[in-house]
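Chemist: Sharing a structure with you now.
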Amino acid sequence: MIEFTSRKLTQEAAELYKKRHDDLINNMPDVIMVFDREHRHLYVNPAVLEQTGIEPEKFIGKTHAEMGFPKGICDFLEEAIEKGKFRATIGKDAAIMDKLARLSPKKAAETIAKQMGDLLG
């Protein structure tokens, strides 16, 4: 009886962890994608809709090339996948802000706020 209860608590804890993990990934503002060895999308989080205007479900089972992305972007992303990179940023500004956000999140937020303020007047 005690072993059964312990197993049940472990299962409940694992389910709670998975739910929290899924909630975190699905609510991230950054686009998160998971690929197979042939560069096909296995998972795409909801942030992709805001970034591309394409529903996440439309990516599943397709490569970026099959989705109609420009060749340069496809080549860049395929190379990142082949090299096993966990992060891939497109564009000089995105790469700089990515590094700044990891080194100094507060400075990155201040920089973005200033740029937005300059844009909005």
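The values are calculated or read from the model by the stated rules, or taken from the named source; none is laboratory data. Values in this document were obtained by computation on a predicted structure and should not be read as measured data. Cβ placement follows ideal geometry from the backbone for every residue including glycine, while neighbour counts extend to all protein chains displayed.
Chemist: Going by the structure shown, is K62 assigned to a loop (DSSP other than H, G, I, E, B), out of contact with any Asp or Glu (no Cβ under 8 Å at 6 or more places or on another chain) and modelled with pLDDT of 90 or more? First the steps, then the outcome.
Modeler: Values: assigned to a loop (DSSP other than H, G, I, E, B): yes; out of contact with any Asp or Glu (no Cβ under 8 Å at 6 or more places or on another chain): yes; modelled with pLDDT of 90 or more: yes.
Considered against the rule, which asks whether it is assigned to a loop (DSSP other than H, G, I, E, B), out of contact with any Asp or Glu (no Cβ under 8 Å at 6 or more places or on another chain) and modelled with pLDDT of 90 or more, K62 comes out as yes.
Chemist: Sticking with this one: Going by the conditions given, is L100 surrounded by 10 or more Cβ atoms within 10 Å (Cβ to Cβ), part of a helix (DSSP H, G or I) and hydrophobic (A, V, I, L, M, F, W, C)? So that I can check it myself, show each step before the final result.
Modeler: Values: surrounded by 10 or more Cβ atoms within 10 Å (Cβ to Cβ): yes; part of a helix (DSSP H, G or I): yes; hydrophobic (A, V, I, L, M, F, W, C): yes.
Yes.
Every residue, every condition in (1) outside the structural domain of L77 (by TED's automatic domain parsing); (2) acidic (D, E); (3) touching a Phe, Trp or Tyr at 6+ places or on another chain (Cβ under 7 Å), yes or no:
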{"residue": "Q11", "(1), (2), (3)": "no, no, no"}
{"residue": "E15", "(1), (2), (3)": "no, yes, no"}
{"residue": "K18", "(1), (2), (3)": "no, no, no"}
{"residue": "N26", "(1), (2), (3)": "no, no, no"}
{"residue": "V34", "(1), (2), (3)": "no, no, yes"}
{"residue": "N45", "(1), (2), (3)": "no, no, no"}
{"residue": "E50", "(1), (2), (3)": "no, yes, no"}
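Chemist: Out of everything in segment 65-86 that is loosely packed, with under 10 Cβ neighbours inside 10 Å and closer than 22 Å to P46 by Cβ, what residue ends up being modelled with the lowest pLDDT?
Modeler: My answer is F86.
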